[in-house]
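Following: one structure in structure tokens, then a few remarks.
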Amino acid sequence: MPLLDRDGLRADIWRAGADDVAGADCILVALSELEAALAGNGRGRRIGVAIANDVKAATLKPVLDQLELVSIAFPNHGDGRGFSLARQLRAAGFKGRLRASGPLIADQFAFALACGFDEIDLPEALAARQPVAHWLAALASMSTSYQRGYGAQNILDARRLARARPAS
């Protein structure tokens, strides 16, 4: 699946699985395999975990400092629980890479990045319908947000400031 960040396509260095990925420096394991992967990480590999979007952030909080990637699955573009989970993981102190994995759409790109995601792993079919140029154009078209705390200027606050300025 193509991997996209704010600069466009990027190579994916992460390999799925645990011990069956011979020689891999960066392994991405399922949540059910995470404890074993962390316990057996004498090889100094970078560990990432792939989780569903309904996992509680508190589940990962004890091991966040040992993870370098958290990949959150989106079952469809209309299920926004992964956005909330990304914000919660960032609020809990996760400093590694956050990946949205699944059929998001280009219009959600700016919001995904604002929520704390670093990259999106797209299904091939979706990437064929919405090439990288669409994603980057959608990102460039969003400079403000209605939500506070998402990095961009808040539309409502900007309006209040404009009304408060004396007329010239």
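The values are calculated or read from the model by the stated rules, or taken from the named source; none is laboratory data. This one's a predicted model, so the numbers in the text were calculated from it and none came from an experiment. All Cβ positions, glycine included, derive from the backbone under ideal geometry; neighbour counts span all protein chains shown.
For the list (1) within 15 Å of GLY8 (Cα to Cα); (2) under 9 Å from the mean Cα position of the chain (by Cα), I need the number of the one condition that LEU122 fails.
(2) is the only condition that LEU122 fails.
Would you call ALA128 in contact with a strand residue (DSSP E or B) (Cβ under 6 Å, 6 or more places away or on another chain), among the small types (Gly, Ala, Ser) and surrounded by fewer than 17 Cβ atoms within 10 Å (Cβ to Cβ)?
When the stated conditions are applied, ALA128 does not pass them.
Which residues, taken from segment 84-93, are crowded, with 22+ Cβ neighbours inside 10 Å and over 16 Å from ASP5 (Cβ atoms)?
LEU85, LEU89
Find all pairs meeting these conditions: Cβ atoms under 7 angstrom apart; at least six residues apart or on different chains; first residue within segment 111-126 and over 20 Å from GLU68 (Cα atoms); second residue assigned to a helix (DSSP H, G or I).
PHE111/PHE83
Here is a yes/no grid of residues against (1) among the aliphatic types (A, V, I, L, M); (2) touching a residue at least 40 places away in the same chain (Cβ under 8 Å):
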| position | (1), (2) |
| --- | --- |
| ASP12 | no, yes |
| ALA39 | yes, no |
| ASN53 | no, no |
| LYS61 | no, no |
| LEU64 | yes, no |
| PRO75 | no, no |
| GLY96 | no, yes |
| ALA100 | yes, no |
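For segment 47-59, indicate whether the set of residues that are at pLDDT below 90, surrounded by 14 or more Cβ atoms within 10 Å (Cβ to Cβ) and touching a helix residue (DSSP H, G or I) at 6+ places or on another chain (Cβ under 7 Å) is non-empty.
Scanning segment 47-59 turns up no residue that is at pLDDT below 90, surrounded by 14 or more Cβ atoms within 10 Å (Cβ to Cβ) and touching a helix residue (DSSP H, G or I) at 6+ places or on another chain (Cβ under 7 Å).
So the check is Cβ under 8 Å with 6+ separation or different chains; which pairs have a first residue in segment 147-168 that's over 17 Å from LEU113 (Cβ atoms) and a second one that's assigned to a strand (DSSP E or B) and at pLDDT below 75?
These pairs meet every condition: ILE155/THR144; ILE155/SER145; ALA158/THR144.
Quick one: in segment 9-46, of everything that is of a type in the set (Gly, Ala, Ser) and surrounded by 14 or more Cβ atoms within 10 Å (Cβ to Cβ), which residue is modelled with the highest pLDDT?
Of everything passing the filter in segment 9-46, ALA30 is modelled with the highest pLDDT.
Scan segment 69-107 residue by residue and report those that are at pLDDT 90 or above and polar (S, T, N, Q).
Result: SER71, SER84, GLN88, SER101.
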